[in-house]
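**Student:** Right, I'll just put the structure down here and ask away after.
A short reminder: the numbers here are calculations on the coordinates, not readings from a lab. None of the values given here were measured: they were computed from a predicted structure. Backbone-built Cβ (ideal geometry, glycine too); neighbour counts: all protein chains shown.
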Amino acid sequence: MKKQAKEQAIDNKELILALEELEKEKGIKKEYLLESIETALVTAYKRNFDSLENVKVVMDEKTGATHVFSLRDVKKKVENPETEITVKEAQKINPDLAEGDVLETEIVPRNFGRIAAQTAKQVIIQKIREAEREIIYTNYNDRKGEIVSGLIQKADRNIVIMDLGKLEGVMPTKEQIPTEHYRVNDKIKGYVLDVEKGAKGDPQVIVSRSHPDFVRKLLEFEIPEIYEGVIEIKSISRDAGDRSKVAVYSPDPNIDPVGSCVGQKGVRIQNVINELNGEKIDVIEWNEDPSIYIASALLPAQILAVDIKEEEKFAQVIVPDNQLSLAIGKSGQNVRLAARLTNWKIDIKSETQFREMLMKANQESEETTAEVEENQEEVEE
């Protein structure tokens, strides 16, 4: 018995040393681990000893010795002897107790030392895993809005799973580029859209290749002037996998923001296009004058005139007849992206259509005027 007690004391001391080491290495507070172990030991006691009584377990933070206390409410009338005790009986043990107090009585359960050791080990393993998951979560949560790269582990119509090292990156269908085909073991880049905790607490990185900010980050990486803030990206509109429009601006009149982004012989923008597997990128210069800005946003089409209505944020754009299809774009893509980029409603008319519209408006105006004059003559008669 003495030998067993001695071995238990050694185990307890080793436990405390282990907790102190964990605090140094993993940053998990010893007090937090002790509280977690004590809570788990209460459950273990009730389960192993089939007990309905209220108990608390205290673990000595210096020696690791475990003490179990029975807790009973002091009452005038007892309804449940396992959890309650009369004032008279309680005062036999402690004269200072009164109704409403709690009597704590230390109990010594048989073989509880072995149960405590097993429980402590399980709790420590669990808390280490939780702490490691929390560290990974915090690290990646701080990386929201950054670009990560990893190998594809799984790819199907619904989801792409990337190996990011210590955790997985998940790319749902809506965050994929529709024209891309993902294959297992391919290395790809993605934009960290969010970091979530799964059902078991495991951190999960939501990755996107279709988000407009993925283009923004790629441009920052390829173009030092953007990264340094010399050139500012004002807006991006995107049909992922097909075409993007990027509005750039520099307060420095000596810097050509579009030329700097495109690069000599288009090499800078080509690197971004290659990463996006051929997605076209139109770089246009932002302007505070909405007429100029909208005209630039509709490039490569030539624009004759832009008539704006500030209150409605509506722009009527006139283009040469042979530029109408180009201005609108395939399936309306060019005008749709321009509208998103500028945040203006845009209506495009060819020169002929505009003339016809004016002629019709003039004709209707003349007819209305004639009708009014005729009515006036009838009134006078």
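**Student:** Evaluate the relative contact order of the chain (contact order divided by residue number), counting alpha-carbon pairs under 8 angstrom at least 6 apart; express in whole percent.
**Tutor:** 8
**Student:** Normalised by the number of residues in segment 146-208, what is the relative contact order in percent for Cα pairs under 8 Å and 6+ residues apart?
**Tutor:** Worked out over segment 146-208, it gives 36 percent.
**Student:** Hey, another quick one. Build a GNM of the chain with springs between Cα atoms under 10 Å: which of 257, 178, 212 gets the top mean-square fluctuation?
**Tutor:** Sorting by GNM fluctuation, first place goes to 178.
**Student:** Another one. Using Cα springs under 10 Å in a Gaussian network model of the chain, which residue among 259, 100, 229 shows the largest mean-square fluctuation?
**Tutor:** Of the options given, 100 has the highest mean-square fluctuation.
**Student:** Name the residue from 305, 335, 184 whose Cα lies farthest towards the positive end of the charge dipole of the chain, charges +1 on Cβ of Lys and Arg and -1 on Cβ of Asp and Glu.
**Tutor:** Working it through, the farthest residue towards the positive pole turns out to be 184.
**Student:** To make sure I understand the rule: partners must be lysines, Cα under 16 Å from the Cα of residue 56, and not fewer than 8 residues away in the same chain. Which ones qualify?
**Tutor:** The qualifying lysines are 46.
**Student:** State which helices in the chain qualify, where a helix is a whole DSSP H run, it must extend 30 Å or more along its own axis by its Cα atoms, and its mean Kyte-Doolittle hydropathy must be at least -1.0.
**Tutor:** Within the chain the helices that satisfy the rule are 112-141.
**Student:** Summing -39500 (n - 2.57) over the DSSP H runs of n ≥ 4 in the chain and dividing by its residue number, what mean residue ellipticity at 222 nm do you reach, to the nearest 500 deg cm²/dmol?
**Tutor:** Helix contribution divided over all residues of the chain: -14000 deg cm²/dmol.
**Student:** Assuming 0.36 nm per residue, please report the length gained on full extension of the stretch residue 50 to residue 94 beyond their Cα-Cα distance.
**Tutor:** Here the segment from residue 50 to residue 94 would lengthen by 13.1 nm.
**Student:** While we're on this one: State which entries of 234/313; 26/166; 30/144; 189/330 exceed 22 angstrom in Cα-Cα distance in the structure shown.
**Tutor:** Too far apart for the 22 Å limit: 30/144; 189/330.
**Student:** Under 19 Å between alpha carbons, and skipping anything fewer than 8 positions from residue 77 in its own chain: which lysines qualify?
**Tutor:** Candidates past the 8-residue exclusion: 88, 92.
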